[in-house]
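Here the structure comes first, spelled out in structure tokens, and everything after it is commentary.
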Amino acid sequence: MKPRFFAFFLLGALLLMLATLSSHALPNHPQQATSKAGQNAPPPAKDTEPFPQVPRITAEEVERLAKDKGNVVLVDTDDSVTYEAEHIKGAVNIAYDPTVEAREQDQLLSALPGDKLIVFYCNCSHEEDSAPMVLEMWELGYDHDKVKALKGGLTRWEQLNYPLAGTDIDAAHGKGN
Amino acid sequence: MQCKIPAIGIASSNIVQYATGYNFKYNNGMPIRYVSVPFPFTGQPRAVDVGYVSGKDMLTGQPLMTAVVHALTAPLTAEEMVSGAPPEEAVEPRLLPPDSEENLRRLFEDKEWTDFNSIILPTEKRVTAMLKGTSRKPDEVIKTINITGGARQLTVEKVAISAVMAGASPEHLPVILALATQAPFGNSTSSMANMIVISGPIRNRLKFNCGTNAMGPYNRSNAVVGRAFALMSKTAGDLRNNVNAWETLGSNLQYNSMCYGENEEALPTGWDPLHVETGFKPADNVLSVGMGWSSIASVGASQSIYPTHFLMRDYMSSFCASGSAATLVMDPTVAGLLKDVHGFKSKAQLSEWLSQNVTKTAASYWGNGVIQSTAVPFALEGLEPYASWRKLPDDALIKPFTNPKAIHVVVAGGKVQTMWFVTDFGIRRGVLIDDWA
């Protein structure tokens, strides 16, 4: 049987190769790698809300909960430079990067407390960057009602003149160098 | 965003090859200039880091600061002025040309499309037969995997290829497709590993081993499903040794990812199976994947002088407790003792007790590299409990497993010994296998 087995291949049975390589996409263009959806991409149509399964919470509700210290954890999903410049006061930073595997953030995400409401927000119009982080938190086992996305993101927070922090805010108030 | 400010990367010697390699080199649009310092540098005494600064660039041999100034000021080369999309990597054909089995095996090894155990060569006929195990279309995209410098689509057909190579049968394919949603496996310099737990009636239908030797090389289903994870992770995840897989020691667990079934039939009354604990129905067929690094085994029989959960508590104190993650795997006899003798009426009660009783010193907690890179930024940003823990004296005791829901308990084994493992594996939400039938 052995010679026939080899002959099977020699006579031309095509081997499927690991087709994982056949659809290899181009490496990301630099602008794609660094831009935030809300900054460079056109906003989605008014009626479309990405990730509709992700629950939203209003800025007004978050602000009310934030006054009750410790009840809510805010997570800014912008890159660290943008976070340092301006973020919601008290927020921590876990940057959303669509170009890396979501689970590469798991060590950071799973360090967030499991017994508090966690609210992700982005500097984008329809939670394009914060909503995927909520989904990843669900994958990590966090309760669905304990993780939400801030509706309207940082923009809405600013519109309501709620507290901000960061170097840009310090500079505006004359606290910078 | 272009700031038009000269910038360079400084990478340690362990990783600079990766930084200057093809994929990452072009990832930011133009080749970045690097200067390299010895490894390790994080967490080292200040004098060591100062020595690096006054030492030499590992790439050029120049004094480090001279290399920094040169890299920042030397005119751009023609290669560095490249713009637009980066060069495209060669795309492999879907089908290989005919060749001898020996040559094809060599090719698969040269390309690192294997785990270097012998594979079943994935002929078109074999893959077609494998695809009969699912109603899904071969070209359906299961997920897009972001790899260094790009992305790859993991399709049903590609997973079927891995299933063939691993030695699986068509009836295994839905399980392996569910597993594919969790691919690729961990890839970190700190040498991760994974755990695959099968829950629900499918354990018996496919004869997964949940009893004696559940975690050993004694069962086909456990073996082929676990192995398929390694094969699809390496191929779809483009993981090649010293190219983009940089696990300094690696983990032997990655050959099989600890694939086993829970011994649901032997659970004490009141203890729910893993998938039920995480929100699924008992009749659901679910695959759960965990990720971690460490596993510590009990040795010998349980002794009444020091109850089992005390030993579990002690052993868990050596884990980093990142994300409060832990998974305990125990023989049914251990579960029975914990319930009947020590009063843990459910898995959740045991998890809660461990969360409240595992302690470690602040110094031990902050002395872990993963904690340094995750919890320290949170502490500096004021997030509790990290901010308060950061201010504690080194010998102060903390309770690092703050989230009992992240401490999972799985019962497996053949009631031959009061044996258990504690691991630092964090288990992600399970995947419904029936969705992939």
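Do we have B:SER355 as polar (S, T, N, Q) and in contact (Cβ under 8 Å) with a residue 60 or more places away in the chain here? So B:SER355 fails the test. For B:PHE378, the criteria (1) touching a Ser or Thr at 6+ places or on another chain (Cβ under 9 Å); (2) crowded, with 20+ Cβ neighbours inside 10 Å hold in every case but one, which is (1). Restricting region A:87-101 to residues that are buried (at least 18 other Cβ atoms within 10 Å of the Cβ) and hydrophobic (A, V, I, L, M, F, W, C) leaves a set whose member that is nearest to the other protein chains (Cβ to nearest Cβ) is A:VAL92. Of the helices (runs of 4 or more DSSP H) lying entirely inside region B:357-437, those containing at least 2 residues that are within 14 Å of chain A (Cβ to nearest Cβ) and either among the aliphatic types (A, V, I, L, M) or touching a strand residue (DSSP E or B) at 6+ places or on another chain (Cβ under 9 Å) (or both) are B:369-380, B:386-390. Listed here are the helices (runs of 4 or more DSSP H) enclosed by region B:1-100 that have at least 2 residues being modelled with pLDDT of 75 or more: B:16-20, B:46-54, B:64-73.
Take B:SER169 and decide whether it is closer than 18 Å to B:ARG220 by Cβ and free of Cβ contacts under 8 Å to residues at least 60 places away in the same chain. In short, yes.
Against the condition in contact with a helix residue (DSSP H, G or I) (Cβ under 6 Å, 6 or more places away or on another chain), among the acidic types (Asp, Glu), in a loop (DSSP other than H, G, I, E, B) and under 21 Å from A:GLU101 (Cα atoms), how does A:GLU128 come out, does it pass? In short, yes.
Just checking, which of B:VAL82, B:VAL48, B:VAL69, B:VAL91 is among the β-branched types (Val, Ile, Thr) and within 10 Å of chain A (Cβ to nearest Cβ)?
Only one candidate passes the filter, namely B:VAL91.
When B:GLY343 is tested against the conditions (1) away from every other protein chain (no Cβ under 14 Å); (2) without any contact (Cβ under 8 Å) to a residue 12 or more places away in the chain; (3) touching a strand residue (DSSP E or B) at 6+ places or on another chain (Cβ under 7 Å), the lone failure is (3). The residues of region B:333-356 that are farther than 16 Å from B:GLU277 by Cβ and either part of a helix (DSSP H, G or I) or among the hydroxyl-bearing types (Ser, Thr, Tyr) (or both), listed by number, are B:THR333, B:VAL334, B:GLY336, B:LEU337, B:ASP340, B:GLN356.
Yes/no per residue for (1) surrounded by 20 or more Cβ atoms within 10 Å (Cβ to Cβ); (2) under 26 Å from B:LYS281 (Cβ atoms):
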residue	(1), (2)
B:ASP394	no, no
B:LEU397	no, no
B:PRO400	yes, no
B:VAL410	yes, yes
B:VAL416	no, no
B:ILE433	yes, yes
B:ALA437	no, yes
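I'd like to check which helices (runs of 4 or more DSSP H) are fully inside region B:159-278 and have at least 3 residues that are at negative phi and crowded, with 24+ Cβ neighbours inside 10 Å. Passing ranges, in order: B:173-180, B:220-236.
The helices (runs of 4 or more DSSP H) found entirely in region A:6-122 that carry 2 or more residues being modelled with pLDDT of 50 or more, over 30 Å from B:ILE119 (Cβ atoms) and of a type in the set (Val, Ile, Thr) are A:80-85. If you go through region B:33-77 and keep only what is among the acidic types (Asp, Glu) and closer than 22 Å to B:SER373 by Cβ, you end up with just B:ASP49. The numbered conditions (1) facing chain A (nearest Cβ under 10 Å); (2) under 22 Å from the mean Cα position of the chain (by Cα) are all true for B:LYS125 except (2).
Look at region B:51-74: where a residue is exposed (fewer than 14 other Cβ atoms within 10 Å of the Cβ) and a partner is among the acidic types (Asp, Glu) and assigned to a loop (DSSP other than H, G, I, E, B), sitting 6+ places away or on another chain with Cβ atoms under 8 Å, you get B:THR66/B:ASP57.
Could you tell me whether region A:79-86 includes any residue that is more than 9 Å from chain B (Cβ to nearest Cβ) and touching a Lys or Arg at 6+ places or on another chain (Cβ under 9 Å)? Within region A:79-86 (the criterion being more than 9 Å from chain B (Cβ to nearest Cβ) and touching a Lys or Arg at 6+ places or on another chain (Cβ under 9 Å)), the answer is yes, since at least one residue qualifies.
Looking across region B:128-160, the residues that are touching a residue at least 60 places away in the same chain (Cβ under 8 Å) and within 10 Å of chain A (Cβ to nearest Cβ) come down to B:ILE145, B:ILE147, B:THR148, B:GLY149, B:GLY150, B:ARG152, B:LEU154, B:LYS158, B:VAL159. For A:LEU112, the test of being over 15 Å from A:GLY166 (Cβ atoms) and at the interface with chain B (Cβ under 10 Å from one of its Cβ atoms) is passed. When we screen A:ASP78, A:ASP143 for residues that are crowded, with 20+ Cβ neighbours inside 10 Å and among the acidic types (Asp, Glu), the only hit is A:ASP78. Within the bounds of region A:152-166, is there any residue that is within 14 Å of chain B (Cβ to nearest Cβ) and either under 13 Å from the mean Cα position of the chain (by Cα) or not in a loop (DSSP other than H, G, I, E, B) (or both)? The answer is yes; a qualifying residue exists. The numbered conditions (1) more than 11 Å from chain A (Cβ to nearest Cβ); (2) over 20 Å from B:VAL225 (Cβ atoms); (3) surrounded by 13 or more Cβ atoms within 10 Å (Cβ to Cβ) are all true for B:GLU101 except (1).
The values are calculated or read from the model by the stated rules, or taken from the named source; none is laboratory data. Source: prediction; values computed, not measured. Methodologically, a virtual Cβ is constructed for each residue, glycine included, from the backbone with ideal geometry; neighbour enumeration extends over all protein chains shown.
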